[in-house]
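Structure first, then comments.
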Amino acid sequence: MSNVPEQFEGWAAHGKDSVKGNFKKWKYTPKAWEETDVDIKIQYCGICASDLHTASSGWGEVQYPIVVGHEILGEAVRVGKEVKHVKVGDIVGVGAQCGSCLGCDPCKTDNEQYCNNGQVGTYNGKFYLDGPAKGDRSQGGYSNYNRSPGHFVVKIPDGLDPAMAAPALCGGVTVYSPLKRYGAGTDKAKDVGIIGLGGLGHFGVLFASHMGANVTVISHSNSKEQDAKKMGASKFIATHGDDKWVKENKRSLDLIVCTTNDPKMPLDGYLKLLKPGGRLIFVGLPESGIPQVSPAQYILNNIFVGGSAIGSPAEISEMLTLMKDTKIDAWVKKYNMDDVNTAVPSMENGEARYRYVLVNTENGGKL
């Protein structure tokens, strides 16, 4: 018999001003239990920019109250009979996705985040498969427990610091996926640029450098140059001032991963940094869109622009193995989960260097 409570308790956003320090404790009923599910006693939960965009309705109106947090890590305390890769007592994690149809071609080829029938977000989602949970809302990790379909629950490798692993479950894999898919460190993309040295960007530098790429960080100022070099960047481009940075670095990069949410980014300049055949991949999502660029820029330079969303469970597991094997350490600051109303406004103000993690000490998390 499971001792998991019927109701979970978390820090919920009750309105758009929650990100100013107004999250409130809230008890809620999780999705209906199914034998494909795993219940996780949450010990760590990373704070992602997506949490802030969602809690504030920046990406569109949400139904309040809502518990955000999709970098969830803790102990599996209840495992459905149909789940074979996880057992009670394992340390496991869930990223930004907790559902999909599992039957379409993307789902069958480790591309669940691009499911033809739509993904279910780990929070602010609605389960749509037939069964007891159909129509139930998903709630996230600023909480004491999480219930997610086992397909999207990954085992955390033994020996990997859980406080480092948690923010990688979304922030890390969001940059790992395009780096891996487009050949970072191989002959396809030996020279890699990372735009923005924030939570995602710092993971991008760590991963790309460990994959064997020559990494260039592109930032609006020089303030983070020394941090970038410590993470493994070999070059730093500051874009403030005139366009000298474009002329000096024209056609120098094979692949650029753009992590910034700045709607006024100098996109035309970024594209001029690409070699013919190069790619710029967006993983950041500005709330008000991006600057327009003439099609001639793409045509005359043979460059490609695309996007990439989070990562599949298989990619998450692969990334975590890389972190363990190469001893990648994320730059993390830990907060007690009860201090969420201090941590979130700090992140909202751009103070994170470079990822915040909420620690549920009552469940065994270590500050």
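Where a number appears in this text, it was derived from the coordinates with a stated rule and is not lab data. As the structure is a computational prediction, the values presented were derived from the model and not from experiment. Using ideal geometry, Cβ is built from the backbone for each residue, glycine included, and neighbour counts are taken over all protein chains shown.
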Calculated FRET efficiency, Leu129 and Arg353, Cβ-Cβ r, R0 30 Å, to nearest 0.05?
0.15
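For the range 172-307, give the magnitude of the charge dipole about the Cα centre (Cβ charges: +1 Lys/Arg, -1 Asp/Glu; no others), in debye to the nearest 20.
Computed charge dipole of the range 172-307: roughly 340 debye.
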From the mean inverse distance of alpha carbon pairs (Kirkwood) and the Cα radius of gyration, derive Rg over Rh for the range 172-307.
0.92
Whole-number percent relative contact order across the chain, with pairs defined as alpha carbons under 8 Å at least 6 apart
18 percent
Taking Cα centroids, how far is the range 102-139 from the range 157-231 in Å?
28 Å
Residues with beta-carbon under 9 Å from that of Val92, excluding Val92: net charge, scoring Lys, Arg +1 and Asp, Glu -1?
-1
Mind checking which of Thr259, His53, Ala13 is farthest towards the positive end of the chain's charge dipole, using Cβ charges of +1 (Lys, Arg) and -1 (Asp, Glu) about the Cα centre?
Thr259
So the pair-distance distribution of the chain, from every Cα-Cα distance in 20 Å bins, comes to percents of 31, 57, 12, 0
Given springs between every Cα pair under 10 Å in a Gaussian network model of the chain, which of Gln97, Gln113, Gln297 has the largest fluctuation?
Gln297
For the range 109-213, what are the per-bin percents of Cα-Cα distances with bins 10 Å wide, up to the bin holding the maximum?
12, 35, 33, 17, 3
Any idea how far apart Ser223 and Leu102 come out in nm if each label point goes 7 Å out from Cα toward Cβ?
4.6 nm
Could you tell me the relative contact order of the range 172-307? Use alpha-carbon pairs under 8 Å, at least six residues apart, and round to a whole percent.
21 percent
For a 19 Å ceiling on Cα separation, which of these pairs sit above it: Lys31/Lys81; Lys27/Lys334; Lys108/Lys327; Lys155/Lys324?
Lys27/Lys334; Lys108/Lys327
Once amide hydrogens are built 1.01 Å from N within the peptide plane, the residues lying 5 or more places from Val120 or on another chain with amide H under 5 Å from its amide H are Cys98, Gly99, Ser100
Tyr298 to His14: extension gain in nm, 0.36 nm per residue of separation minus the Cα-Cα distance?
97.9 nm
Using the Karplus curve 6.51 cos²θ - 1.76 cosθ + 1.60 with θ = phi - 60°, work out ³J(HN,Hα) for each residue of the range 169-176 in order, rounded to whole Hz, and write x for Gly and Pro.
5, 10, x, x, 5, 4, 9, 4
DSSP-loop GluC sites (Glu not before Pro) across the range 263-367, with at most 16 other Cβ within 10 angstrom
Glu287, Glu351
Qualifying aspartates and glutamates (Cα of each under 18 Å from Cα of Lys264; at least 8 residues distant if same chain)
Asp242, Asp243, Glu287
As an exercise, use a Förster radius of 25 Å and the Cβ-Cβ distance of Glu287 and Asp158 to find the FRET efficiency, rounded to the nearest 0.05.
0.05
For the chain, with the dipole built from +1 on Lys and Arg beta-carbon atoms and -1 on Asp and Glu ones, taken about the Cα centre, which of Tyr128, Gly193, Asn146 lies farthest toward the positive end?
Gly193
